[in-house]
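Laboratory data are not the source of any read-out in this text; all were calculated from the coordinates shown. Please read these numbers as outputs of a predicted model, since none were measured by experiment. Cβ sites come from the backbone with ideal geometry, for glycine too, and all protein chains shown count toward neighbours.
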Amino acid sequence: LVVAGAILYVNDATLPHTFDTRFGGRTHDEENRRTVIVFLHAFSGSSSESKETAKRIVAEQVGQVGRSAIAASHFKMNWVLMYRSVGAKGPISSGMVGSICQRYNPRLHCRYQGHVSKGQEDISLGQLHDVCQHNPNDLVVYIHSKGSYHSHKSNDRWRGPLTAAVTGRACIGALLHEQPSNFSKTECNTCGLQFYPVWNLFFPGNFFAAQCSYIKQLIPPLDYANKMESIVRSTYQHSETYSMNQSRHHKWVHDLYKAQAPNDENGFNGLGKFSNEHWIGSHPSIKPSDLMGGMSKLYPKIKKPINVSFRPLERAVAKPAPSVPIPDGKWFKFRHRAYKKFLQHHRNIALMRDQDPTTYVGPPHEYYMLPGILYRFYKIYGEFPNDESWIWKYYPQGEAWKNKINHVRKMHGIWDESYIW
């Protein structure tokens, strides 16, 4: 169904294959503008309380998107909100959202993408990915109704800043590389409230803004989930070993994160629904930025966090991330003692093999650090970061890993993983 130049997807089975940003009644100047396409994945439970909570949250978020579209008018971008309802049918309707969107017309155009009774975030992320295949010059923003599934105070105080960050002028300006003069310049292709470089590369909470040219390089979210199942299984099954002192040892270790709650293992490894959160950082070309600067503590754990209504978030600057060194960070559930112990163990093995500890990159490999990140890049995309990537500079022994990978390709003509790990 095509209405005013926009394609609406109104049943459970359809996902978009094209996206037309031409809306009726726009000027010639508006027709030539790039577009910020915001995807909202809105869930509602079946109880009356859950429905009211979902309506409150979605109304809050749509209002935030509308105000951001107005505040960012100097960027001369078109803004489109693509929203999908999930779970109980009825509370998140085109009429309910449309009445809010009218307040921000013509800055914001809202398009209902239909309802699904069951489904995870990969439904909306898959649509976002598909839209970027056909609109590589545009920007996309992903948000979801955080707190409508698990309703508690930490989600309520986290959701507002998450939404404000990815729709705000700091992130949008950073992705356009057109920040106002009072903002610092940064070159990035993804942006969010807070970027995490440990256990995987991702934006906690799974709210992000990104260039479609970056999203286009990612594999579809469901394909990523399937590949992660295989990768994690192979490293946990210890199918690969190495020899030292005439005995065999497991090549992969998982010491920096240990499950402390039922969902921890899937969360750390990006399995099941958690693959949706890790998908955005899965490609080696990622150039992240965030608004938290030198703060590494997970946002909901900060005693005096930035409030969405306070000026500090409005004045926040998107800077290249991560900016906090791994040993200095207060990373969520990160085992600092295990990290120090692993580094010492690695140095001891290097000395036993008469190798320089600063350049030795042999096993055992810590899955939640650079070796595991590189392994996932290779297994998913068959690629590694380019020589100028921030990744080599940020992680311990990054330059040594870069040299080893380049040497393997030079000697063998290909990236033969048996020589790398």
Cut-off 17 Å, label 7 Å out along Cα→Cβ of ALA71, residues of the stretch 111-149 by amide N: 141-143
21 Å Cα-Cα threshold exceeded, pairs from LYS146/LYS297; LYS51/LYS89; LYS55/LYS216; LYS379/LYS404; LYS251/LYS404; LYS319/LYS393: LYS55/LYS216
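Would you mind counting up the charge near ASN226? Only other residues with Cβ under 15 Å from its Cβ, with Lys and Arg at +1 and Asp and Glu at -1. All intermediate terms of the calculation are to be shown ahead of the outcome.
Details: positive: LYS227, ARG233, LYS273, ARG376, LYS379; negative: ASP122, ASP223, GLU229.
In short, +2.
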Charge sum, other residues only, whose C-beta stays under 12 Å from ASN276's C-beta, Lys/Arg counted +1 and Asp/Glu -1: -2
Distance (nanometres) between label positions extended 7 Å along Cα→Cβ at SER230 and ARG103: 4.8
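Using the Cβ atoms and a cut-off under 14 Å, what net charge is assigned to the surroundings of SER213, where Lys and Arg are +1 and Asp and Glu are -1?
Around SER213, the charge tally is +1.
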C-alpha center-to-center spacing [the stretch 328-351, the stretch 48-86] in angstrom: 42
Potential lengthening between SER47 and LYS410 on full extension [0.36 nm per residue; Cα-Cα distance subtracted]: 124.5 nm
Inter-probe distance in nm under a simple model that places probes 7 Å from Cα toward Cβ, at THR358 and SER418: 3.3
Under Karplus coefficients 6.51, -1.76 and 1.60, residue-wise ³J(HN,Hα) of the stretch 408-421 in Hz, glycine/proline x: 4, 5, 5, 6, 10, x, 9, 8, 7, 5, 5, 9, 8, 9
18 Å tail of the calculated P(r), the stretch 278-421, as % of Cα pairs: 65
